[in-house]
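Step one of this worksheet: look at the structure below.
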């Protein structure tokens, strides 16, 4: 029996060995082992691309550098996953470019090799990527034989990894290209086509169809680091006006205030009934710095719904521009109004929510016209067609024609910096780095790592859409421009420290006009940037939101406990806290926060280091609205949110501060010595440095050995100080009166939010603004006209009936109550809903507070679910 088993194994080996040996890529006849990696042999794909498009043909080359050569080679294909052996379609196919040098190997279907042993420095073949998508990453491998006993295989640059390119469809936006290496500029035509109609979106379509429209379209082509609206961010005032009223005036003003980030302001007329399914057009330009576009339009009628795109990329990784693109547009909720349907009455969202995508399952409210209990895919409300109309050729830096040795390989060039001048001739710079600085240093690589080019700043007087869109007229210096002596600027301060110790934060720096009196005139003319912010990366924060707390936790904390899983909750919160820091201080839905204040002035000595601070407020929405969370563990869910940030800064030099002794009067010396000399003192009355003689007993501090020293110490700093402050009255901070919001209780004790805002910031040493702009006060509502919820049955209510009484003239008069809002939960005992009404005689607003009613919703009990699912956190 054992002999039979051994014979069976031998037969299996006999069948396998030829197949294995047939694909072995060791050069025939060699006796030495494979040599260590040598970066002088490189397998590359034309264009240095890292991804492939299914079915696309690519030029693959094997090259020798540094004067070396090779006599034989093999090129093979492999799936990175190791699967798919024998499936030719999974790897693509080789195509022979030179039949005299290259042939298909008879030993392996995915192998090409040399036809002769002539000395070679380069060979080329073609690789056709697999035609069917979803094959994953493919490894192109090379074996090179330098001479009989020196050969290399797979190591270093002899393996090229190619992954399938993510091709975007009409419902998703393509990945951001950073940096955009396109040299030419491009002009595009944008077509906005409406798709919203009673046939495509029949559910609750407005009965008054004559009211349906898309508002005027407003947007811009802009830089990578700018967005005027974005998913998960609060809407600006300009976006709120577009979303609620279709007015673009404020948003257009906000865009013009960010002119340093914008190339073209995009504007197009809206489309209205009966042409809601028609088209409207706009034209814009892009360049390598401004290669993204964002735009919005209101869906009318609606509470605050918009359609649009945010940061749509038009630059391609191959340094060209998209020729044409089609993108479907779906509705977004701007988060400023809580109405659920097209015709909902105005119900301001307090506090405002972030911008969210409306889907068939969000909001989960049957009143939504897009609600579908099956969660089916929505149909688009509009479609965006973008077509390239023209390319504007620019003189770009041509790449070095010589082959760069692999040890001197560099990363791609960064984006060009902004022009050093806002108006007139200046310089632009860009940089790059070696991929392996240590290797490049050993080989003494001298590749250029910094480049500069001439530029002309065009942000002179009269910046407008036409100038932004592509007209670049030469503008002569005018009063108030950057060339005006009165508009002199101080040097930039040093960059502050990063605002975070881990994760992604910000660094800031600032400068100021030397003549503060001319600031308004100079800013109007040249729009010089006085503050700059850039992203900084600190160390990794650590932590893993999906970690179940097994490794590294004390054994007793995992096993012991109170039976309620408190140790698990603490572990999850620690992970969540670390995760939230890594997500730039994620704000849970239960927490409300105010925006960050501006950074304070640098607090510290002149010419030295100081601190800049900014703050924000936070509150728990459950406490504000009186909602009880049954899962509340007694700890504040908002405790991880950062309320205070402090960064390092550097104050300007002390040359603008006049020392106190410069105002001292000369005094006589107590003794007279025969050994006297001439000195200089500063006469602050005549603003001149005058000469006097004195001896060794002179105790005056206002004393200098030369006139130059006297002027540098006292006279020049006084002039700078007067230029900045003299004659400018201090301007105190001005805040509005407190505004009281509705009491959150409809009966009995509750809480009332009071707010005020800064109307004017302090200047020139004026009184600073108060720290507290939000206050939470207790309030009380009468219960004599409220109904209560009966506990006797599901949904039963009883009303307190009062006899009608004549309404006095000084009594509060209200509008009708609005419709009830949806319940805050779909199950459980803690769901509430509210309705509002408007005070008609506003002169009695100081005492007429009964404007909000809240009631408890009687819901079915919630279905018990597992608390171990980390996705719930």
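The values are calculated or read from the model by the stated rules, or taken from the named source; none is laboratory data. Since we're looking at a predicted model, the values are computed, not measured. Ideal geometry is used to build each Cβ from the backbone, glycine not excepted, and the neighbour counts take in all protein chains shown.
A compact table of results
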quantity	calculated
Subset of segment 735-754 (residues that are surrounded by fewer than 17 Cβ atoms within 10 Å (Cβ to Cβ) and not in a strand (DSSP E or B))	736, 737, 738
Strands (runs of 3 or more DSSP E) completely within segment 107-166 that count 2 or more residues being within 25 Å of residue 405 (Cβ to Cβ)	122-128, 138-147, 150-153, 159-164
Scan of segment 755-769 for residues that are modelled with pLDDT under 85 and either closer than 25 Å to residue 616 by Cβ or outside any loop (DSSP other than H, G, I, E, B) (or both), ordered by number	757, 758, 759, 760, 761, 762, 763, 766, 767, 768, 769
Residue 102, sole failed condition from (1) closer than 20 Å to residue 30 by Cβ; (2) modelled with pLDDT of 90 or more	(1)
Test: residue in segment 794-810 that is surrounded by 10 or more Cβ atoms within 10 Å (Cβ to Cβ), over 35 Å from the mean Cα position of the chain (by Cα), part of a loop (DSSP other than H, G, I, E, B) and modelled with pLDDT of 80 or more	no
Which listed residue is surrounded by fewer than 20 Cβ atoms within 10 Å (Cβ to Cβ) and over 20 Å from residue 837 (Cα atoms), from 360, 368	360
Test: residue in segment 306-329 that is over 29 Å from residue 264 (Cα atoms) and either in contact with a strand residue (DSSP E or B) (Cβ under 9 Å, 6 or more places away or on another chain) or assigned to a strand (DSSP E or B) (or both)	no
Answer from 194, 232 - the residue that is crowded, with 19+ Cβ neighbours inside 10 Å and touching a strand residue (DSSP E or B) at 6+ places or on another chain (Cβ under 7 Å)	194
Test result for residue 82, within 38 Å of the chain's Cα centre (by Cα), at positive phi, in contact (Cβ under 8 Å) with a residue 40 or more places away in the chain and surrounded by fewer than 17 Cβ atoms within 10 Å (Cβ to Cβ)	no
Residue that is nearest to residue 102 (Cα to Cα), among those in segment 31-61 that are surrounded by fewer than 16 Cβ atoms within 10 Å (Cβ to Cβ) and modelled with pLDDT of 85 or more	61
Segment 842-860, subset in contact with a strand residue (DSSP E or B) (Cβ under 9 Å, 6 or more places away or on another chain) and farther than 16 Å from residue 350 by Cβ, residue modelled with the lowest pLDDT	846
Single residue of segment 445-463 satisfying the filter (modelled with pLDDT under 75 and part of a loop (DSSP other than H, G, I, E, B)) that is nearest to residue 411 (Cα to Cα)	459
Failed condition for residue 274, given (1) surrounded by fewer than 15 Cβ atoms within 10 Å (Cβ to Cβ); (2) in contact with a helix residue (DSSP H, G or I) (Cβ under 7 Å, 6 or more places away or on another chain)	(2)
Failed item, numbered, when residue 218 is tested on (1) part of a loop (DSSP other than H, G, I, E, B); (2) touching a helix residue (DSSP H, G or I) at 6+ places or on another chain (Cβ under 9 Å)	(1)
Strands (runs of 3 or more DSSP E) lying entirely in segment 629-717 (those with 2 or more residues that are at pLDDT 80 or above and within 30 Å of residue 494 (Cβ to Cβ))	644-650
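Quick grid of which residues meet (1) within 16 Å of residue 312 (Cα to Cα); (2) modelled with pLDDT of 95 or more; (3) not in a strand (DSSP E or B):
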| position | (1), (2), (3) |
| --- | --- |
| 207 | no, no, yes |
| 239 | no, yes, yes |
| 254 | no, no, yes |
| 263 | yes, no, no |
